[in-house]
Amino acid sequence: MAGLRAAVSWPNDKTYLFFDDDTYTRYDSVSGAREDSGLPLSNWPRLPRSPDAFVWWGAGKAYAFTGHTYVRYDDPSDGVEVLYLPPNPPFTVEAGWPGLPTGPGGGADWRTGIDAAVNWGNGKLYLFKGDSYVRYDITADRVDPGYPRTIAGNWTGVFSTGLDAVAYPGGRFAYFFRGGEFQRFDVDTDRVDSSGTLDASFRLAPTPPGAVTAARLLTLAQANQLMADLIRRGRLTLKSPPFVDGPAGIVAPTPAQRVAVGPPTLDGIRFTNQINPAAGFFDNVDQRMLIALHRLTRWINASAPDVTELLHLGIGHGGPDPKDCHNQGRAIDLSGIVGELNGVAFTRSVQKHWGDLPPVPGTKVRISPTADALGWGLFTTAFRFGTYECEGNAIGAQNKWPMPDLGGGGFVVYPDHKDPGLAAQHQNHFHLQLGVTRLP
């Protein structure tokens, strides 16, 4: 049997394993079943060979690593981008992936290549080499401080060195591969829960459809099943309508129903309405938006500081127009972030720590990592989350790379939005939405 080189889970509900004979195997992430094997690499246009590592980035892009170089794969056009191909010079890991360890004092020289990579679905990638790993932040586009770390002692039960590949189809389970063996990693308990041989009998655990798909592209049916999975795993509780499971699947709520979440907590983070802080629920929420809100908690709490509360000025309500995205349950006005850093409680208010700041000549935005590193990190993460998971520069599938940067335009609106009129209306909150602003 050919040796496994890389694995990646894709937003089409498929997981792919790539082998060193330039073939790949395709699994259906929803059923867990192997669909086909021995498929030719030519089905992935312009990949030079089976990659050493392959990782979904988001916003329609993935990166394939081969030795000390890498290419970017574009999902909409289904091929490696021409910019990354000869006669253009190769893109090197050293130049394109800031913060990777460079050898002495940090162990292996990661500039020569990486062994495995995986997108954890929370705004972070994990890259592995030898007995170590780094956490890479999508928002900052660099390795997080404090890395590399050893696999042993940080990934309970995982192979301590020499990983060949990692895949995370979303949901509860990820998969680590080495030398013809696999380990299933339970994300909820943070440990390996089963293992075996990577042979014809290997299957994935069933994962709800849409688990790697951006929230803006989810169907109502996909969101319904993702919501049910979160309820079963204890990540949220519905106040109404009551959640009812049946032998054949979800009985209630139906995909088209808007829901109320009570208590107003997703994955341990409370959503507090600053207009009515005592409210014990939030309601009238489209299930696609509910999935976006849950993913927001994962992004905002993926690393220090410890976020405990997200403040908002409305979810599921806002203004008199029933066709507005707020009243359709497809938007949130995020007004602040509360938590603890190094044992000290903090609150970062969009109004106080952004909207009330004086203009800074020569800059597009008033916040900065030097003046307020904590606020910068939290606000930029919320912004980048919004451009990747909610509407960025267009609506739905019309969103195109690159997503907007701070100080630009788009559908994520905030105090320094490019449109002066919109910026003036959003001095105290981020506006994040799914779908059109107003139904016709």
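The values are calculated or read from the model by the stated rules, or taken from the named source; none is laboratory data. What you see is a predicted model, and the numbers here were worked out from it, not measured in a lab. Positions of Cβ are generated from backbone atoms using ideal geometry, with glycine treated the same way; all protein chains shown enter the neighbour counts.
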Exercise. Quick one: which residue in P87, P98 is assigned to a loop (DSSP other than H, G, I, E, B), surrounded by fewer than 15 Cβ atoms within 10 Å (Cβ to Cβ) and without any contact (Cβ under 8 Å) to a residue 40 or more places away in the chain?
Key: P87
Practice problem: Would you check if there is a residue in segment 272-284 being on the phi > 0 side of the Ramachandran plot and polar (S, T, N, Q)? | Solution: yes
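Is it the case that some residue within segment 61-70 is among the aromatic types (F, W, Y), out of contact with any Asp or Glu (no Cβ under 7 Å at 6 or more places or on another chain) and part of a strand (DSSP E or B)?
Yes, segment 61-70 contains a residue that is among the aromatic types (F, W, Y), out of contact with any Asp or Glu (no Cβ under 7 Å at 6 or more places or on another chain) and part of a strand (DSSP E or B).
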Self-check item: Qualifying position, being more than 23 Å from T150 (Cβ to Cβ) and not hydroxyl-bearing (S, T, Y), among G107, G60
Solution: G60
Exercise. Name the single residue, out of those in segment 145-178 being assigned to a loop (DSSP other than H, G, I, E, B) and under 16 Å from the mean Cα position of the chain (by Cα), that is surrounded by the fewest Cβ atoms within 10 Å (Cβ to Cβ).
Key: R172
Quiz prompt | Yes/no for G123 being in the same structural domain as G60 (by TED's automatic domain parsing), more than 21 Å from T161 (Cα to Cα), crowded, with 17+ Cβ neighbours inside 10 Å and of a type outside the set (S, T, N, Q) | solution = yes
Quiz item: For S240, all conditions in the list (1) over 18 Å from A215 (Cα atoms); (2) crowded, with 17+ Cβ neighbours inside 10 Å hold save one; what is the number of the exception?
Solution: (2)
Exercise. Determine if segment 240-258 includes at least one residue that is within 30 Å of Y126 (Cα to Cα) and assigned by TED's automatic domain parsing to the domain that holds E389.
Key: no
Quiz prompt | segment 342-391 - residue that is in contact (Cβ under 8 Å) with a residue 12 or more places away in the chain and aromatic (F, W, Y) and, of those, surrounded by the most Cβ atoms within 10 Å (Cβ to Cβ) | solution = F385
Self-check item: The listed residue being assigned by TED's automatic domain parsing to the domain that holds V261, closer than 25 Å to A260 by Cβ and at pLDDT 95 or above, out of A331, A345, A397
Solution: A331
Exercise. Considering only segment 95-151, state which residues are among the β-branched types (V, I, T), in contact with a helix residue (DSSP H, G or I) (Cβ under 7 Å, 6 or more places away or on another chain) and closer than 23 Å to R172 by Cα.
Key: I138
Quiz item: How many of the residues making up segment 126-144 are buried (at least 17 other Cβ atoms within 10 Å of the Cβ) and assigned to a strand (DSSP E or B)?
Solution: 11
